[in-house]
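Input: a single structure, listed below in structure tokens.
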Amino acid sequence: MRQYRIASIPADGIGPEVIGAGLEVLDALAARDGGFSLAVDHYDWGSDYYRKHGVLMPADGLERLKGADAIYFGAVGAPDIPDHVTLWGLRLPICQGFDQYANVRPTRILPGVTSPLRDAGPEDLDWLIVRENSEGEYAGHGGRAHRGLPEEVATEVAIFTRVGVERIMRFAFDCARKRPRKLLTVVTKSNAQRHGMVFWDEIAALVAADYPDVTWDKELVDAMTMRMVRKPQTIDTVVATNLHADILSDLAAALAGSLGVAPTGNVDPQRRYPSMFEPIHGSAFDITGKGIANPVASFWTASMMLEHLGEARAAAALMTAVEQVCAAGILTPDLGGKATTKEVTRAMCEAIRGIN
Ligand code: ATP
Ligand code: MG
């Protein structure tokens, strides 16, 4: 029996509702598969913890997570605590502490979900967006001079290192190679930014030489936004900087129809540390406690986590169940349905038991 240790951090708002639903579905999958089991450690970190202890997680938090095979994360953020406190108090220390340098966002239009792209269906949009997650525009370099004076200057310097760009590029080519179309688009802005972005282009060409089986092209980020809307079929795997991919992946989530279905993984491809998987939506306090949070993002997140653990068969079964449940119209109100979180979860567990 293959055994995995999962660290569950549901945190705030609808986080506990959707992670609870995801853990139920994972239990059903493990029972059906029979080949693996999951031991789940529960952590009560987040905004409630902050109100009691003044920090979002204990000082030895990373130490305690280190032994996990993966981290299953809900959402962090509360109306009474500033966003930068919650973000820098929990998610970012984990991403940085465990060098999760690749952020991965699969994007598809699920059956029963309507995309704002007229006529676009599941066959037109099946993307994997890879975001550089450790440096670039969000490295925090820069500063302010002459504060408050007419000659005030602020700089925000993007940092691109050879190690950093090369490792994300290799990871993206590896991802593209594993997908049926073996197609990668490298997004930069090298017409206007002639240092870091030209560097990206150069490293892309260098790494591409090791992947003769992958077809790749380059696109400027502004043109890429148009291509995503006008020619979604021409895109498969995408790699871009921290800032560019941040923006492109939100566009992608919107084009796929709903925030409530979109998952993401913060991955250490070298597997020195646990990777962290989470729905991309936030804590959504407007619907917290109402029992109507869409758990599909959390299910898809769980599928990514299983894939990362090497349980590809269970990961695929989970997505088959998601597609069956969505196609049957068992949808939460954000997708125009009437089902509750619990009803969708129950339907998922039944679908899983029915898959052979
Ligand atoms: P945060 O501040 O943590 O980002 P938020 O309250 O801004 O959280 P988001 O997750 O960014 O919430 O989502 C914006 C809105 O989308 C929510 O207020 C909610 O109405 C809706 N939403 C998000 N996720 C879901 C979901 N899983 N199911 C249903 N509705 C959702
Ligand atoms: Mg938000």
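The values are calculated or read from the model by the stated rules, or taken from the named source; none is laboratory data. Note that this is a predicted model, so its numbers are computed, not measured. For neighbour counting, all protein chains shown are included, and Cβ atoms are generated from backbone atoms with ideal geometry for every residue, glycine included.
Residues are listed down the side, and each one gets a yes or a no for (1) in contact with an Asp or Glu (Cβ under 7 Å, 6 or more places away or on another chain); (2) surrounded by 16 or more Cβ atoms within 10 Å (Cβ to Cβ); (3) outside any loop (DSSP other than H, G, I, E, B); (4) in contact (Cβ under 8 Å) with a residue 60 or more places away in the chain:
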{"residue": "GLY265", "(1), (2), (3), (4)": "no, yes, yes, yes"}
{"residue": "SER283", "(1), (2), (3), (4)": "yes, yes, no, yes"}
{"residue": "ALA315", "(1), (2), (3), (4)": "yes, yes, yes, no"}
{"residue": "ILE330", "(1), (2), (3), (4)": "yes, yes, no, no"}
{"residue": "GLU350", "(1), (2), (3), (4)": "no, no, yes, no"}
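Could you look through region 285-313, keep only residues that are within 16 Å of ligand 2 (Cβ to nearest atom) and in a loop (DSSP other than H, G, I, E, B), and pick out the one that is surrounded by the fewest Cβ atoms within 10 Å (Cβ to Cβ)?
ASP286
Inside region 271-281, can you point out the residues that are in a loop (DSSP other than H, G, I, E, B) and either within 16 Å of ligand 2 (Cβ to nearest atom) or without any contact (Cβ under 8 Å) to a residue 12 or more places away in the chain (or both)?
Hits for region 271-281 are ARG271, ILE280, HIS281.
Conditions tested, residue by residue: (1) more than 16 Å from ligand 1 (Cβ to nearest atom); (2) under 29 Å from ARG313 (Cα atoms); (3) outside the structural domain of LYS342 (by TED's automatic domain parsing); (4) in contact with a helix residue (DSSP H, G or I) (Cβ under 6 Å, 6 or more places away or on another chain).
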site	(1), (2), (3), (4)
GLN3	yes, yes, no, no
VAL18	no, yes, no, yes
ALA31	yes, yes, no, no
GLY34	yes, yes, no, no
VAL40	yes, yes, no, no
LYS52	yes, no, no, no
LEU90	no, no, no, no
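Results for (1) in contact (Cβ under 8 Å) with a residue 40 or more places away in the chain; (2) crowded, with 16+ Cβ neighbours inside 10 Å, shown as yes or no for each residue.
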site	(1), (2)
LEU184	yes, yes
ALA205	no, no
GLU219	no, yes
ASP222	no, no
LYS231	no, no
ASP236	yes, yes
VAL239	yes, yes
LEU251	no, no
GLY257	yes, yes
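Please state which of the following conditions THR345 fails to meet, knowing it meets all the rest: (1) outside any loop (DSSP other than H, G, I, E, B); (2) under 27 Å from LYS182 (Cα atoms); (3) at pLDDT 95 or above.
Of the numbered conditions (1) outside any loop (DSSP other than H, G, I, E, B); (2) under 27 Å from LYS182 (Cα atoms); (3) at pLDDT 95 or above, the odd one out for THR345 is (2).
Tally up the residues in region 318-340 that are touching a Phe, Trp or Tyr at 6+ places or on another chain (Cβ under 6 Å) and within 20 Å of LYS290 (Cβ to Cβ), please.
Residues that pass the stated criteria total 0.
For region 332-342, enumerate the residues that are without any contact (Cβ under 8 Å) to a residue 40 or more places away in the chain and either in a helix (DSSP H, G or I) or not small (Gly, Ala, Ser) (or both).
Scanning region 332-342 gives a single hit, LYS338.
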